[in-house]
Amino acid sequence: MTSLPGKIGLSFYSHRVTAAWPSGVVSFTFDDVPKSAFVAGGAILERYAVRGTYYTALQLAEAETVVGPMFDREDVRAAHRAGHEIACHTYTHLDCDRAPESLILAEVRDNAAALASLIEGVVPENFAYPYGSVSPTAKRVLGPLFSSCRGIRPGINHGTIDLADLLATTLYDVDFDEVAMRRLVDRNRSVRGWLIFFTHDVVETPSPFGCKPGQLEALVAYAAKCSTILPVREVVAALHR
Ligand SMILES: [Zn+2]
């Protein structure tokens, strides 16, 4: 990440969403990342000719976790080839909450190095805080290193937004409410905002942190019809134009 241009500088804490998307913009993001999010989730997005953002913790490759079997290296390469964004989590899924600065830095450097060893030349531009733990230290250290950092506080990013703690809404089976989700997409459209969803596994019997393929598809279909869908990378790039 140190090779990133300093395009954000000192103003990373606040930025105005431009009027680039008159119908609002929606990002679908996946954390950790389970294999099902790459395979099933990616296929759903591609059916609607859109792409997602995968905040990948590369040490979790092929691990078995609470959100199911994790990605393998070819999943990451295939997603990258298909145009999805491979973004950064901490390497071991370290919780940044009480971690010292040196450890946080080592984690994101290790993750970037692991990604570069998988896909030559790829530098992760955006980050998501594991567990949504946005400590003052983590924010101060990571904010300048990445184009954006995403948390897990729900809401619509609009007006002056915090690129070091982007708001994001869960897309989980446990509290999935399609009508409420559609309303949120509508509200995002009316304020010309940036609505970010996040989930983990995408399977018929999801973990408490995942969703069913049909739920993701319903939301992607609705957002594709009435809004713009872009990976985080492309939204952030447009904010700086
Ligand atoms: Zn995570």
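Some values worked out for this structure:
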item	result
Pick from the stretch 27-59, criterion of a type outside the set (Gly, Ala, Ser) and open to solvent by 30 Å² or more (accessible area, probe 1.4 Å), ranking: nearest to the ligand (Cβ to nearest atom)	Gln59
Matching residues, the stretch 210-241, being part of a loop (DSSP other than H, G, I, E, B) and of a type outside the set (Lys, Arg)	Gly210, Ser227, Leu230, Pro231, His240
Among the candidates Val174, Val191, residue that is open to solvent by 30 Å² or more (accessible area, probe 1.4 Å), under 21 Å from Val25 (Cβ atoms) and aliphatic (A, V, I, L, M)	Val191
Subset of the stretch 101-142 [touching a helix residue (DSSP H, G or I) at 6+ places or on another chain (Cβ under 7 Å), of a type in the set (Ser, Thr, Tyr) and farther than 26 Å from Phe28 by Cβ]	Thr137
For Arg140: the one exception among (1) open to solvent by 60 Å² or more (accessible area, probe 1.4 Å); (2) closer than 26 Å to His80 by Cβ; (3) not β-branched (Val, Ile, Thr)	(2)
Unique residue being more than 14 Å from Asp31 (Cβ to Cβ) and free of Cβ contacts under 8 Å to residues at least 24 places away in the same chain when the list is Arg98, Arg81, Arg77	Arg81
Qualifying residue in the stretch 94-113 (condition: in contact with an Asp or Glu (Cβ under 7 Å, 6 or more places away or on another chain), open to solvent by 20 Å² or more (accessible area, probe 1.4 Å) and closer than 25 Å to Ile44 by Cβ)	no
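Listed here are the residues, each with its yes/no results for (1) closer than 30 Å to Pro213 by Cα; (2) of a type in the set (Lys, Arg); (3) assigned to a helix (DSSP H, G or I).
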residue: Tyr91; (1), (2), (3): yes, no, no
residue: Cys96; (1), (2), (3): no, no, no
residue: Leu103; (1), (2), (3): no, no, yes
residue: Asp110; (1), (2), (3): no, no, yes
residue: Phe127; (1), (2), (3): yes, no, no
residue: Tyr131; (1), (2), (3): yes, no, yes
residue: Val141; (1), (2), (3): no, no, yes
residue: Leu145; (1), (2), (3): no, no, no
residue: Met181; (1), (2), (3): yes, no, yes
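The values are calculated or read from the model by the stated rules, or taken from the named source; none is laboratory data. All values reported here derive from a predicted model rather than from experimental measurement. Using ideal geometry, Cβ is built from the backbone for each residue, glycine included, and neighbour counts are taken over all protein chains shown. Surface accessibility is based on the protein's heavy atoms, side chains included, excluding ligands, DNA and RNA. Shrake-Rupley method; radii C 1.70, N 1.55, O 1.52, S 1.80 Å.
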